[in-house]
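Shown next, in structure tokens, is the structure this report addresses.
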Amino acid sequence: MEGVYKLLGIGILPMVRGQLYLCPTRTRTVVKTISLVNVSGMDVTLNLYVNAGNPRRIAGMDLKLRAGQYAQDLGEYAIEAGQAIEGDASRTDAIEYLISGIEYH
């Protein structure tokens, strides 16, 4: 099984929990890094999850990022086809994210 290191997801966290990355069919993924930055002028809270049929938090509940603050999660998360990384934020257009990892096909 060959692995490809790649950008898995990039965007802005939604206010309602939404999918940031979905592991493709016939693929296994190791999420290596989730980077977050608060691009707003206000403090914002956020939540991150692995959803393997039942969402589980991978960051502290209502993690607070101050205006302009950057955070990076270097935990590794192994997910299977159909499983997802999800997230939400207390404000729209406030938290930019970037997810990188290795997909094994």
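Are any of the residues in region 58-78 buried (at least 16 other Cβ atoms within 10 Å of the Cβ) and acidic (Asp, Glu)? Within region 58-78 (the criterion being buried (at least 16 other Cβ atoms within 10 Å of the Cβ) and acidic (Asp, Glu)), the answer is yes, since at least one residue qualifies.
Could you please let me know if Glu103 is more than 13 Å from the chain's Cα centre (by Cα), assigned to a strand (DSSP E or B), at negative phi and not polar (S, T, N, Q)? Criteria met by Glu103.
Restricting attention to region 1-32 and to residues that are β-branched (Val, Ile, Thr) and out of contact with any Gly (no Cβ under 7 Å at 6 or more places or on another chain), the residue that is nearest to Gly68 (Cα to Cα) turns out to be Ile12. Give region 1-17 a look and list any residue that's surrounded by 14 or more Cβ atoms within 10 Å (Cβ to Cβ) and within 25 Å of His105 (Cα to Cα), or say none. Of everything in region 1-17, those that are surrounded by 14 or more Cβ atoms within 10 Å (Cβ to Cβ) and within 25 Å of His105 (Cα to Cα) turn out to be Leu8, Gly9, Gly11.
Every number in this text was worked out from the coordinates using simple rules, so none of it is lab data. Not measured: the values here are computed from a predicted model. Cβ sites come from the backbone with ideal geometry, for glycine too, and all protein chains shown count toward neighbours.
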